[in-house]
Ligand code: KIV
Ligand code: NA
């Protein structure tokens, strides 16, 4: 199976829904890759992997290290790497330097950045210079301090209009796809209908051109899950049960057993 390309993803607009999940580590990437179209090395790794309070402290070093692991663990999906807070907002030139480093150090084909109208010139600058960009509008976690929390967006008419304008600007600037996060369902449908590139929803609408979730959320591995997450498996429960059995076996000296011990060959 050859690796999908960015143009192939773009062509999926209005077609079979795109399947996207986050991945931060090599083994998880290997397990998700055959089923996915896109693996996102999300800056959500700040909370999920590092226990940070938000995505704001995530660094380029962290994104590069995890991004390289995910590229090594996949051969089919397009790997997209989040640009961390502070690495792209100041200018298109700063964004290009960060994106070039991410692509050179990881081998990933694309980056993702948060923002709307204000980021459109940056999306155009990167897209015209060989850096495929995925946008991210609506609830943009790097803006948590400006937004005042992680609640759903697009409830007021003004907010609805702003998010639609953001999506249009990013799409018109050349983004190959856009993540729409935490917005009212009708707004997600409107954005999907109005922009030319695929719109990938998370807490958005089943009518988007694809869906993304944080893998640890859908596997029941993270402590807090927002309303839009469906828990497809209780991995936390399964891990706890396995560790309970291990602890019991160690304490009763039933592990290691004969099968796990090197015995002398008489
Ligand atoms: O960082 C992340 O995991 C994301 C997805 C939730 C879209 O940006
Ligand atoms: Na992110």
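General remarks:
- Search result, residues across region 11-55 that are away from ligand 2 (no atom under 16 Å from the Cβ), assigned to a loop (DSSP other than H, G, I, E, B) and over 13 Å from residue 80 (Cβ atoms): 11, 12, 13, 14, 15, 16, 17, 25, 51
- Some residue of region 6-16 being touching a helix residue (DSSP H, G or I) at 6+ places or on another chain (Cβ under 8 Å) and within 22 Å of residue 177 (Cα to Cα): no
- Matching option when the condition is buried (at least 18 other Cβ atoms within 10 Å of the Cβ), on the phi < 0 side of the Ramachandran plot, away from ligand 2 (no atom under 14 Å from the Cβ) and in a helix (DSSP H, G or I), among 104, 99, 8: 99
- Scanning region 206-242 for residues that are without any contact (Cβ under 8 Å) to a residue 40 or more places away in the chain and within 19 Å of residue 9 (Cα to Cα) gives 206, 207.
- Candidates 60, 52, 40, 21 - the one that is closer than 18 Å to residue 221 by Cα and surrounded by fewer than 24 Cβ atoms within 10 Å (Cβ to Cβ): 52
- Residue within region 128-135 that is part of a loop (DSSP other than H, G, I, E, B) and closer than 22 Å to residue 19 by Cα present: yes
- Within region 122-132, being in contact with a helix residue (DSSP H, G or I) (Cβ under 6 Å, 6 or more places away or on another chain) and more than 12 Å from residue 100 (Cα to Cα) holds for 122, 123, 125.
Throughout, read-outs are computed from the coordinates displayed, never taken from laboratory work. In this text, all values refer to a predicted model and were calculated from it rather than measured experimentally. Methodologically, a virtual Cβ is constructed for each residue, glycine included, from the backbone with ideal geometry; neighbour enumeration extends over all protein chains shown.
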